[in-house]
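*Asks:* To start, I am sharing the structure in question, which I have written as structure tokens.
The values are calculated or read from the model by the stated rules, or taken from the named source; none is laboratory data. What you see is a predicted model, and the numbers here were worked out from it, not measured in a lab. Here the Cβ positions follow ideal geometry from the backbone for every residue, glycine too, while neighbour counts run over all protein chains shown.
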Amino acid sequence: MKWRIKLLSFFYLASIGIILPFLPLLFQSRGLTNGQIGMLMAIGPLVSMLVQSPWGYLSDRLRTVKKVVMFQIMMAFLLSFLLFSLDSFYLLLPAAFLFFAFAWPPLPLIDCLTLAIAREKGGSFGSYRLWGSLGFAVTALVAGSVLAVVGIERVDRIYQGLLLLALLFAALAQDAPQAAQPVGFDQLKKLVTRKEVLLFLLLIALLNTTNKVNDAFMGIFMRGIGGSEADVGLAWTIGPLSEVPVFAFSFLFLVRFNELTLLALAAAIYSLRWFLFSITTDPALVTAIQVMHGLSFGLFYVSAVSYIGKIVPQHLRASGQGLLSTFSGGVAGIMGSLLGGYIMDGFGARFLYTSCSILALVSVVAFLVLSQSQARKTAQVGDSP
């Protein structure tokens, strides 16, 4: 059973390894401006913000994660034919809305499946999740080289093939065991309005906005300093590959440090990474700096998933992961794509990455303050009679 969920993660993240690096380049090749590309890429996070929590709630309500994931992947496959056939910005807007409503939401539910299987079969969450990073990295590398030869217009065939493989392994994967306690909408509402949960999610969105800026515009940034599709693919490969050792040994970090401290460390690494991008004019240096992605994103991801798993009830686990994705992908993605596009057009890449570096520094302080606050609360509970 372990290899099935690992291969599901591998092929689903491989499909994302096509969309994130190369969809902006496809839009650019069809004559869209950076602002228009930013708006289209912001639709994914916007839709994610709107539908991610309902998808998680539906999964908890129906008491099945696997079948919901299969339905999402199947619909993303069908709607991709519409998305890739259009070149008009105004037609792409509704098509992208429909497509992203199904293409983006599977990840937190796959994480939910992974957490359940890791608990049942043994092993850390990171030891499973690293297969997704490998899928993303291998695809970005191979696709970058292939597309440099055959042209960016062929990106649709690669994406659709990967989705079919993801659907196959979703069908073979074991479903997550469901709690006997029924889930009602009032429980989800109480979860969202808990101060501890809401503050954490807002800080996650703040930090991940900087990462979403890079997701949307690193390819265009590299093109602007002389990079090719192959250079973009290599940069996107190095980043996820650097996640693998972090995910593999993430349990060592989580045993020694609390999640909020690790998030502060991730934010500090992000800040340095974006600053280095802001002063770089060589595509090869961008690729080298991408090695920092492993510690920045890897620590961010495992710490966020672990922390949200601790502060939400077990029977709301899919809803909790959905909320995390809503803020880290939806809210952050909208801010990153929309603001990033207009800042890129108006002030250039250097100003954009400098702004991201400053925002990440603010996140360092915020997570450290929250960590100290949680430590004081824990100490007070321990001292109470």
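*Asks:* Got a sec? Which of Tyr353, Tyr307, Tyr342 is modelled with pLDDT of 90 or more and either part of a helix (DSSP H, G or I) or under 30 Å from Tyr57 (Cβ atoms) (or both)?
*Replies:* Only one candidate passes the filter, namely Tyr353.
*Asks:* Further question on the same structure: Return the residue satisfying two criteria in turn: it lies in segment 194-242 and is surrounded by fewer than 21 Cβ atoms within 10 Å (Cβ to Cβ) and of a type in the set (S, T, N, Q), and of such residues it is nearest to Ile289 (Cα to Cα).
*Replies:* Once the filter is applied, the top-ranked residue is Ser242.
*Asks:* Something else now. When segment 269-290 is examined, which residues are found to be crowded, with 19+ Cβ neighbours inside 10 Å and under 30 Å from Leu199 (Cβ atoms)?
*Replies:* Correct list: Ile269, Tyr270, Ser271, Arg273, Trp274, Phe277.
*Asks:* Kindly indicate the residue of segment 243-253 that is of a type outside the set (Gly, Ala, Ser) and buried (at least 20 other Cβ atoms within 10 Å of the Cβ) and also farthest from the chain's Cα centre (by Cα) among those meeting that condition.
*Replies:* Restricting to residues being of a type outside the set (Gly, Ala, Ser) and buried (at least 20 other Cβ atoms within 10 Å of the Cβ), the top hit is Phe253.
*Asks:* Among the residues in segment 194-205, are any part of a helix (DSSP H, G or I), without any contact (Cβ under 8 Å) to a residue 40 or more places away in the chain and more than 17 Å from the chain's Cα centre (by Cα)? I'd like the intermediate steps shown before the answer.
*Replies:* At the first step, the residues of segment 194-205 found to be part of a helix (DSSP H, G or I) are 195-205.
Remaining after also requiring without any contact (Cβ under 8 Å) to a residue 40 or more places away in the chain: 195, 198.
Keeping just the survivors that are more than 17 Å from the chain's Cα centre (by Cα) gives 195, 198.
Yes; the residues of segment 194-205 include at least one that is part of a helix (DSSP H, G or I), without any contact (Cβ under 8 Å) to a residue 40 or more places away in the chain and more than 17 Å from the chain's Cα centre (by Cα).
*Asks:* Return a yes/no flag: does segment 125-136 have any residue that is buried (at least 19 other Cβ atoms within 10 Å of the Cβ), more than 16 Å from the chain's Cα centre (by Cα), aromatic (Phe, Trp, Tyr) and at pLDDT 85 or above.
*Replies:* So far as segment 125-136 goes, no, none of its residues is buried (at least 19 other Cβ atoms within 10 Å of the Cβ), more than 16 Å from the chain's Cα centre (by Cα), aromatic (Phe, Trp, Tyr) and at pLDDT 85 or above.
*Asks:* Of the residues that make up segment 168-177, is at least one within 16 Å of Tyr301 (Cα to Cα) and buried (at least 24 other Cβ atoms within 10 Å of the Cβ)? Give the derivation first.
*Replies:* At the first step, the residues of segment 168-177 found to be within 16 Å of Tyr301 (Cα to Cα) are none.
Taking every residue of segment 168-177 in turn, none turns out to be within 16 Å of Tyr301 (Cα to Cα) and buried (at least 24 other Cβ atoms within 10 Å of the Cβ).
*Asks:* Inside segment 353-377, can you point out the residues that are crowded, with 17+ Cβ neighbours inside 10 Å and free of Cβ contacts under 8 Å to residues at least 12 places away in the same chain?
*Replies:* none
*Asks:* Would you mind stating whether Phe71 is buried (at least 20 other Cβ atoms within 10 Å of the Cβ) and free of Cβ contacts under 8 Å to residues at least 40 places away in the same chain?
*Replies:* Against the criterion (buried (at least 20 other Cβ atoms within 10 Å of the Cβ) and free of Cβ contacts under 8 Å to residues at least 40 places away in the same chain), Phe71 does not qualify.
*Asks:* Name the single residue that is nearest to Leu352 (Cα to Cα) among those in segment 253-285 being part of a loop (DSSP other than H, G, I, E, B) and not β-branched (Val, Ile, Thr). Break it down stepwise before answering.
*Replies:* Of segment 253-285, the ones part of a loop (DSSP other than H, G, I, E, B) are 257-258, 279-282.
Subsequent filtering for residues that are not β-branched (Val, Ile, Thr) retains 257-258, 282.
Numbers: Phe257: 32, Asn258: 31, Asp282: 17 Å.
The qualifying residue nearest to Leu352 (Cα to Cα) is Asp282.
*Asks:* So in segment 49-76, with the set limited to residues that are under 17 Å from the mean Cα position of the chain (by Cα) and polar (S, T, N, Q), which one is nearest to Leu13 (Cα to Cα)?
*Replies:* Going through the qualifying residues, I end up with Gln72.
*Asks:* Do we have any residue at all in segment 376-383 that's at pLDDT below 85, more than 25 Å from Leu265 (Cα to Cα) and either under 23 Å from the mean Cα position of the chain (by Cα) or not in a helix (DSSP H, G or I) (or both)?
*Replies:* no
*Asks:* Starting from residues that are among the small types (Gly, Ala, Ser) and either farther than 26 Å from Gly341 by Cβ or in a helix (DSSP H, G or I) (or both), keep the ones in segment 1-43 and report whichever is farthest from the chain's Cα centre (by Cα).
*Replies:* The qualifying residue farthest from the chain's Cα centre (by Cα) is Ser29.
*Asks:* Continuing with this model, one more query. Inspect segment 319-334 for any residue being in contact with an Asp or Glu (Cβ under 7 Å, 6 or more places away or on another chain) and buried (at least 23 other Cβ atoms within 10 Å of the Cβ) and give the result as yes or no.
*Replies:* Looking only at segment 319-334, we keep the residues that are in contact with an Asp or Glu (Cβ under 7 Å, 6 or more places away or on another chain), and these are 319, 321.
If we keep only those that are buried (at least 23 other Cβ atoms within 10 Å of the Cβ) as well, we get 319, 321.
Scanning segment 319-334 turns up at least one residue that is in contact with an Asp or Glu (Cβ under 7 Å, 6 or more places away or on another chain) and buried (at least 23 other Cβ atoms within 10 Å of the Cβ).
*Asks:* Out of all the residues in segment 91-144, which are among the β-branched types (Val, Ile, Thr) and in contact with a Gly (Cβ under 6 Å, 6 or more places away or on another chain)?
*Replies:* Thr139
*Asks:* Of the numbered conditions (1) farther than 20 Å from Ala176 by Cα; (2) small (Gly, Ala, Ser); (3) surrounded by 15 or more Cβ atoms within 10 Å (Cβ to Cβ), Ala118 satisfies every one except a single condition; which is it?
*Replies:* Among (1) farther than 20 Å from Ala176 by Cα; (2) small (Gly, Ala, Ser); (3) surrounded by 15 or more Cβ atoms within 10 Å (Cβ to Cβ), the lone unmet condition for Ala118 is (1).
*Asks:* If you don't mind, another one. From the list Lys6, Lys2, which residue is touching a Lys or Arg at 6+ places or on another chain (Cβ under 6 Å) and in contact (Cβ under 8 Å) with a residue 40 or more places away in the chain?
*Replies:* From the options Lys6, Lys2, the qualifying one is Lys2.
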